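One structure below.
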Amino acid sequence: MNPREVAAVLAYLGRLDPRTMRTDTGEARDQIAQWHELLGDVPFATAHGWDVREAIKAHVLASPYPILPVDVARRWRAYRRDRLDRHTDPTPVADPDDPAAWRAELLGTRHAVAAGATAPATHRQITSGGPHPDIEERLAAIGSCIPATVRADLAKYRPARAAREAAIAAGGPDVLSVRCEWCHASEGEPCRSRRVGLDGRARGNAPRATPHPSRIDLAAAARIQQVAA
């Protein structure tokens, strides 16, 4: 703000809080100089949410003490921090092989956002909500976000999962929905091929492509109980 804007701010403040008014010409001049010294880099208003009059009004409503120029400066810094926290640097259009131009464009964008001249580029908000309704309807129709052809190609790399999906598709129980009493694999985890050494300790822990028979029996019994209930 320049001295004329500072004088306008003090006149506005005097209407809200008469305690801050200075009737003496010398005192008013000193007050304007003091406020301008501390608020010279604070804008009067920006196009994106900052208005020094709103900051003054908020202080008058919230505090019984007269406002000081440092109170306005602190609100402005909080405003800048909030904008930068909500900003995600967009990819510069400058040549990435020119580090100076790349850095200069990034800093210029950040300064514009902090000064309130540009709105923050909040790319993080794209994933802050749930899926689009169209996507939900499509997933409900096809049943999975992975196409059947891609799932078939992945089957050889995920034998345990492929066997589980094939068994469920054939009408069988979900074997991994229960804990395996043989290898102690937890729910959702594939069975393990445990080999016991001469000392009685397990020597192998490799995942199995097929579950243990006892786990299949447990899953079938659990499904029968669910159907009966």
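The values are calculated or read from the model by the stated rules, or taken from the named source; none is laboratory data. Predicted, not measured: the structure shown is a model, and the values here were computed from it. Heads up, the Cβs are rebuilt from the backbone with ideal geometry, glycines too, and the neighbour counts pull from every protein chain shown.
Can you tell me which residue in region 30-64 is modelled with the lowest pLDDT, limited to those that are under 11 Å from Y79 (Cβ atoms) and among the β-branched types (V, I, T)?
By that ranking, first place goes to T46.
Restricting to region 6-42, name every residue that is surrounded by 17 or more Cβ atoms within 10 Å (Cβ to Cβ) and within 28 Å of A119 (Cβ to Cβ).
V6, V9, L39, V42, listed by residue number.
Does region 79-97 contain any residue that is among the charged types (D, E, K, R), touching a Gly at 6+ places or on another chain (Cβ under 9 Å) and surrounded by 15 or more Cβ atoms within 10 Å (Cβ to Cβ)?
Looking through region 79-97, at least one residue is among the charged types (D, E, K, R), touching a Gly at 6+ places or on another chain (Cβ under 9 Å) and surrounded by 15 or more Cβ atoms within 10 Å (Cβ to Cβ).
When only residues in region 171-229 that are part of a loop (DSSP other than H, G, I, E, B) and among the basic types (K, R) count, which is farthest from A155 (Cα to Cα)?
R201
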